[in-house]
Structures are given as C-alpha cells and as structure tokens.
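Asks: Can you read through this structure? Questions will come right after.
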DNA sequence: GCTCCGATTATCT
DNA sequence: GATAATCGGAGCG
C-alpha cells in the first residue's frame, strides 16, 4: 500500500480523531519541513466556529471536497492560514495547522520570516507557519500526497493536551485545540477579540 | 513574561 | 459596512 493511501485512510477518520494524530506529523514544502506541535479541529456545518458553518461558499469550497487537500484562507487583510481537509467527503471538516517546529531548511525559513526573533517563533502561529513554509493562495486545494508540498504522519504522540480554540467568538467553549506539552513553538492562547470600548 | 493597539482587505451580510 | 481561525511593535513589570 503506497504511503498516499495510508494518509488518505488516516485523514478520512472523524476530525476529532484526526486532529490529535496530526501532532508530530511532518509538513514539507520543498526543502523546508516542520513538525506540527499545535492544531485545532473544525467540525463542518455543525460547528459555529467553522468557516463551513453557513454552508458552502466560493471561499470554503475546498472544505467540502475530499480529505487530504489543503484549505488555505486569507484573513485580517494580510495573513494566510492552512487547514488539512479531513473526514468523509462532504463533511466539510478540517484541521487548522497552528504551530510547528522547523526541522529542515531552517535558513530558508528564517529568510521568509525576518521578523522572527528566535527559531521557535518561525512557525509559532498559523500565519507564521504558512509564511515559514511558503504556503499561500496558490496552495488552496492542493493534494498533500503530491510533491513538493506533502504531509507525513508520525506515530501517535502519547502526551496530547487539549484546550479552547484561539481567537474564536463563537463556540469558544469546545476544547478542540490540541497541542504537545513543553514545546516552545506552541502559540500563545488568546481568547476571542476583545470588545473595544464597550462592556 | 504580559497587555494594548494598528495594519490591511477578502468575504459575507 | 462590519468582521476576521493574526501579527508585530510599543510599553510595562
């Protein structure tokens, strides 16, 4: 059985099973590779925190397709973030890649992330992760079994922590953020945007 | 380490 | 027209 079939079988499982299993996996784009340390699950139309909550739109259409493809979206007027589509086709579930440790091509990653003070900041946060790996709009819909941008699962990590998802206004109570303990690359938890000038 | 705040625009209501 | 699955810099401790 080719590795690509393994990956698909893994990713077709329910998103809440897939998300913790992606911790420790290697995401590679050409010569830069990283080991995932933090992810979040988004459970399709059932999940008020998901981009799929209000049904299909041009932006989220990749989420409604088959597992194993990348859903890349643009946010806050300047940042790209990447998700791995998972679950059965049509479930519109996905795992947001929130943080990682660079394990190969660190010089290239540094030059893409001039603002990073330390190596642990290179892929600390979903938009930083995309920047370090050179992921952008051209990768929306990309099949992760296809070079040069690939995902290689690892053995399941023993010690997986969970907590609330970062930056969400809705469904902030669901503990669907998964991360590895004692990893310097895990991003800081921030609750949903503060209400400015209003109690 | 923390908190506050501005940047900047695709997307959807 | 409002919002957003964020980031970096300034200021404080």
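Asks: What ranking of A:38, A:152 emerges when the number of other C-beta atoms within 10 Å of each C-beta is taken as an exposure proxy, fewest first?
Replies: Taking fewest neighbouring Cβ atoms as first place, the list is A:152, A:38.
Asks: Another question, if that's okay. Just round it to a whole percent: the fraction of Cα-Cα distances in segment A:87-199 exceeding 20 Å.
Replies: Value for segment A:87-199 (Cα pairs over 20 Å): 53 percent.
Asks: In which sequence would A:73, A:42, A:189, A:179 go, from the one with the fewest C-beta neighbours within 10 Å to the one with the most?
Replies: In increasing order of surrounding Cβ atoms, one gets A:189, A:73, A:179, A:42.
Asks: Just for the Cα atoms in segment A:1-72, what are the lengths along the principal axes, largest first, rounded to whole Å?
Replies: So the extents along the principal axes, rounded to whole Å, are 36, 26, 23.
Asks: Taking only Cα atoms of chain A, what ratio of Rg to Rh do you get with Rh as the Kirkwood inverse-distance radius? Could you put the intermediate results ahead of the total?
Replies: Numbers: Rg = 15.8 Å, Rh = 16.7 Å.
Checking Rg against Rh, the ratio lands at 0.94.
Asks: On to the next question. Among A:47, A:182, A:143, rank each residue by its count of other Cβ atoms within 10 Å, from fewest to most, as a rough exposure measure. Walk me through the intermediate numbers first.
Replies: Numbers: A:47 21, A:182 8, A:143 13.
Ascending Cβ contact count within 10 Å gives the list A:182, A:143, A:47.
Asks: Separate question: Give me the Kirkwood hydrodynamic radius of segment A:106-170 in Å, from all C-alpha pairs, to one decimal place?
Replies: Roughly 14.3 Å, rounded to one decimal.
Asks: With n ≥ 4 as the cut-off for DSSP H runs, can you work out [θ] at 222 nm for chain A, using -39500 (n - 2.57) per run divided by the number of residues, rounded to the nearest 500?
Replies: -4500 deg cm²/dmol
None of the figures in this text is laboratory data; all of them are computed from the coordinates on show. What you see is a predicted model, and the numbers here were worked out from it, not measured in a lab. For neighbour counting, all protein chains shown are included, and Cβ atoms are generated from backbone atoms with ideal geometry for every residue, glycine included.
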